[in-house]
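Visitor: Provided herewith is a single structure, encoded as structure tokens, for subsequent inquiry.
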Amino acid sequence: MKNYRLALIGFGNVNQGLAEILRDQKDFLAEAYGVSFTIVGVSALSKGSIYQPDGFRASELLEAVQRDGNLERVAAAQRGWDALALITNSNAEIVVEASYTDLQTGQPAISHVRRALESGKHVVTANKGPVALCYAELAELARQNSRLFGVEGTVMSGTPAILLGREVLKSARLRKVEGILNGTTNYILTNMELGVSYEDALAEAQKQGYAEADPTGDVEGFDAAGKAVILSQLLFDRAIGMVEVERTGISRLTLEDIQQAKQAGERWKLIASLEEKDGKLRARVSPIRLPLSHPLAGVSGATNAITYETQALGRVTLIGPGAGRQQTGFAMLTDLLSIHNAQSMR
Ligand code: HSE
């Protein structure tokens, strides 16, 4: 049985989701993969920072947060380390980075990822900032240090959009991808069609843990644009900037617009697309009125979908959760298992 020690940066929805999975799937992971994961440290701005070299039980961390809203009453060998101190000084082999996403600066997550890779630790993250803004640099740093940089959770949460696209469909010669890549806006649009107001639908998406800390990122299309940038890099090997994505959000769509589309047998969806044409890659995010017969028109709620257009297979569509606590926590598990598989083959 191989055990890996984890340092968690951030303890919000995503890392709590991962902790729940590790708590609930411990026996399954041991039996099916011969692996276990021990959380040795957590550093979170609002919940505190604790470190215990021989590890915590995932359940005690979750219970503390549920009971107290923080980690202050969890017994620990060391308290108060900031994220960089935990990354540098802990005995963790893998850093799970889930601090908040900032698509303008990528910080503080970029510094966390850099420090982790420089100190010989693998990194898994669902944080879109570092991946959208400096994937090439961080992937190179990982290579130089013979460590892995797992980013599956940055697009479509635990639905394996990157894995499928990168490991399989890229070789089928991808020409275009198009999809619904933001759960919050799809949830809002679905509910507005049912007559719920924009404000109430957004509030519920926040409550369900789908929305970004600042939901402007969702409704103005920045989140989907960030995901387009990530897919451009990972599936098409093109490094583009956020400003190169033509972007329109959904904030100007009214209940009336949505009802009008419904009466005409159509539905508004926020569509992100990347298309290679004449040697150029065009990246776009915008609301599009789709006929109900379109495959993406039936994708509702926080569910996401992506259609890959390939030379060898034609169209392949993947539909699944795009946001959510355990759904994104599961993406972290996917990356953790990829690290385990890579280690086992050495
Ligand atoms: N805020 C994002 C969404 C979370 O709604 O899709 C997942 O990246």
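Visitor: Sequence gap of 8 or more, or different chains, plus Cα separation below 15 Å: how many lysine pairs satisfy both in the chain?
Guide: Taking the chain as the scope, the lysine pair count is 5.
Visitor: Stretched out fully, how many nm does the piece from Leu194 to Gln78 gain, at 0.36 nm a residue minus the Cα gap?
Guide: Extra length from Leu194 to Gln78 when fully extended: 36.7 nm.
Visitor: With N denoting the number of residues in the stretch 166-276, provide Rg(C-alpha) divided by 2.2 N^0.38 Å, to two decimal places.
Guide: Here the Cα radius of gyration is 1.17 times the empirical estimate.
Visitor: Hey, fewest Cβ within 10 Å first, where do Tyr135, Tyr100, Tyr187 land in order?
Guide: Listed from fewest to most nearby Cβ atoms, that is Tyr100, Tyr135, Tyr187.
Visitor: Which listed residue (Thr105, Thr159, Gly12) has the Cα farthest towards the positive end of the charge dipole for the chain, taking +1 on Lys and Arg C-beta and -1 on Asp and Glu C-beta about the Cα centre?
Guide: My answer, from the dipole projection, is Thr159.
Visitor: While we're here: For the Cα atoms of the chain, what angle does the longest principal axis make with the long axis of helix 325-344, in degrees from 0 to 90, nearest 10?
Guide: Helix 325-344 sits at roughly 60 degrees to that axis.
Visitor: Run the numbers on the stretch 293-342 and let me know its relative contact order in percent, using alpha-carbon pairs under 8 Å that are six or more apart.
Guide: The value is 26 percent.
Visitor: A further question on this structure: Once both axes come from the Cα atoms, what is the angle between helix 222-236 and the longest principal axis of the chain, in degrees from 0 to 90, rounded to 10?
Guide: It is inclined by approximately 80 degrees.
Visitor: Sticking with this structure for a sec: Over all Cα pairs of the stretch 1-149, how is the pair count split among 5 Å bins, expressed in % and running from 0 up to the last occupied bin?
Guide: Over the stretch 1-149, the share of Cα pairs per 5 Å bin runs 2, 10, 20, 23, 20, 15, 8, 2, 0 percent.
Visitor: To one decimal place, what Kirkwood hydrodynamic radius in Å is obtained for the stretch 238-346 from all pairs of distinct Cα atoms?
Guide: Its Kirkwood hydrodynamic radius stands at 17.0 Å.
Visitor: Using the Cα centre as the reference, give the magnitude of the dipole from point charges on the C-beta atoms of the chain (Lys, Arg: +1; Asp, Glu: -1; all else neutral), rounded to the nearest 20 debye.
Guide: Around 780 debye, computed over the chain.
Visitor: Using the Kirkwood radius over Cα pairs, work out the Stokes-Einstein diffusion coefficient for the chain at 4 °C and 1.567 mPa s, in µm²/s as a whole number.
Guide: 63 µm²/s
Visitor: I'd like the FRET efficiency for Arg175 and Gln107, computed as 1/(1 + (r/R0)^6) with the beta carbon distance as r and R0 of 35 Å, rounded to 0.05. Could you put the intermediate results ahead of the total?
Guide: Working: r = 35 Å, r/R0 = 0.99.
Computed FRET efficiency for Arg175 and Gln107: 0.50.
Visitor: If every alpha-carbon in the stretch 61-157 counts as one equal scatterer, what log10 I(q)/I(0) does Debye give at q = 0.15 1/Å?
Guide: Taking Cα atoms of the stretch 61-157 as identical point scatterers yields -0.63.
Visitor: Could I ask something else about it? Determine, for Thr185, Thr328, Thr38, the number of other Cβ atoms within 10 Å of each Cβ, and report the residues in order from fewest to most.
Guide: Lowest to highest Cβ neighbour count: Thr38, Thr328, Thr185.
Visitor: Angle, helix 128-144 long axis vs. longest principal axis of the chain, Cα atoms, 0 to 90°, nearest 10?
Guide: Computed tilt is about 50 degrees.
Values quoted throughout were computed directly from the atomic coordinates according to the rules given, and no laboratory measurement underlies them. Not measured: the values here are computed from a predicted model. No Cβ is skipped: glycine too gets one built from the backbone with ideal geometry, and neighbour counts run over all protein chains shown.
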